[in-house]
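Novice: Sharing a structure, written as structure tokens. Questions coming.
Values in this text are rule-based calculations from the coordinates and carry no lab data. Everything numeric in this text was worked out from a predicted model, so none of it was measured. No Cβ is skipped: glycine too gets one built from the backbone with ideal geometry, and neighbour counts run over all protein chains shown.
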Amino acid sequence: ETGVTQSPTHLIKTRGQQVTLRCSSQSGHNTVSWYQQALGQGPQFIFQYYREEENGRGNFPPRFSGLQFPNYSSELNVNALELDDSALYLCASSSDLQGVRNEQFFGPGTRLTVL
Amino acid sequence: QKEVEQDPGPLSVPEGAIVSLNCTYSNSAFQYFMWYRQYSRKGPELLMYTYSSGNKEDGRFTAQVDKSSKYISLFIRDSQPSDSATYLCAMKRPSNTGKLIFGQGTTLQVKP
């Protein structure tokens with residue numbers, strides 16, 4: 001069974017640029033959630049995708065957008081990067097939307113630095 | 001006020017000690033409670049998952065949920081240097097989204 005993978009591992013961008021982060025969900029999982037983890041903080045929910053549709057969004061501006069593909073992999077896009085966007089971006093996959101457990105399995109993250 | 005409060009530590013204990021990690025929360029709608037372990041520069045790894053109130057034990061780990069006090073705990077028995085990591089509590093309401101609300105995380109160091 002393949003776990004959640006993310007790419008790239010690290011990324012450096014300058015303010016105002018755009019970035020795309022990628023996530024491959026664990027085998028058999030159809031739901032993907034994205035989180036932002038600032039240094040020294042817990043992860044914050046950005047949004048969730050289920051069967052290619054956005055299904056729930058946290059307190060993030062519209063310049064944070066995403067996609068989910070038919071194979072359940074996902075992308076996170078951030079436009080007009082700001083210095084405060086520097087963080088670890090985590091992808092988590094799960095096998096159902098509202099199961100009793102709905103365990104979310106996290107990938108290793110993409111560390112984004114905005115200069 | 002944050003929905004979930006967690007003392008960031010750091011917490012330093014000798015090998016073999018019993019560790020107690022705690023979180024408090026304000027939203028009584030939370031029904032699912034989790035503890036994740038995160039090693040430096042890695043993604044969080046699910047340790048314990050509890051539904052509603054009660055205790056759950058898994059090896060050296062015990063999770064407790066007290067909904068009346070809005071308080072959850074994770075106990076680690078016979079702590080090992082390999083337990084050194086950041087421990088994150090997370091909570092979820094019963095809804096059709098997977099939105100987890102995390103605490104800030106507590107950094108634990110177990111000294112040999």
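Novice: Find which of B:17, B:65, B:30 sits farthest along the positive direction of the dipole of chain B, computed with +1 on the beta-carbon of Lys and Arg, -1 on that of Asp and Glu, about the Cα centre.
Specialist: Checked the options; the winner is B:30.
Novice: What number in nm² do you get for region A:40-83 if you take the convex hull of its Cα atoms and divide its surface by four? Display every interim value, and only then the final one.
Specialist: On the way: hull surface 15.3 nm².
Answer in nm², one decimal: 3.8.
Novice: Out of residues 5 or more away from residue B:108 or on other chains, whose amide H comes under 5 Å of its own, with H placed 1.01 Å from N in the peptide plane?
Specialist: Amide H to amide H, under 5 Å and 5 or more residues apart or across chains, residue B:108 pairs with B:11, B:85, B:86, B:87.
Novice: Next question, about the same structure. Under the definition of partner shielding as Cβ atoms of other protein chains within 10 Å of a residue Cβ, what is the mean value for peptide A:43-53?
Specialist: 3
Novice: Rounded if a/c is under 1.5, else prolate if a/b beats b/c, else oblate: with a ≥ b ≥ c from the C-alpha gyration tensor eigenvalues square-rooted, which is region B:8-65?
Specialist: It comes out prolate by the Cα gyration axes.
Novice: Would you kindly calculate the translational diffusion coefficient of region A:12-115, applying Stokes-Einstein with the Kirkwood radius from alpha carbon pairs, for 20 °C and a viscosity of 1.002 mPa s, and quote it in µm² s⁻¹ without decimals?
Specialist: After rounding, the answer is 155 µm²/s.
Novice: Which of the pairs B:2/B:111; B:42/B:92; B:67/B:99 have their Cα atoms more than 25 Å apart in this structure?
Specialist: Flagged as over cut-off: B:2/B:111.
Novice: Something else now. Only loop residues by DSSP count here, and only those with at most 13 other Cβ atoms within 10 Å; note down the trypsin sites (Lys or Arg not before Pro) in region B:77-112 that meet that.
Specialist: B:77
Novice: Let me ask something else. Please give the direction-averaged projected area of the C-alpha convex hull for the protein assembly as shown, in square nanometres with one decimal.
Specialist: Answer in nm², one decimal: 12.4.
Novice: Wrap a convex hull around the Cα atoms of chain B, take a quarter of its surface area, and give that in square nanometres.
Specialist: Value for chain B: 6.9 nm².
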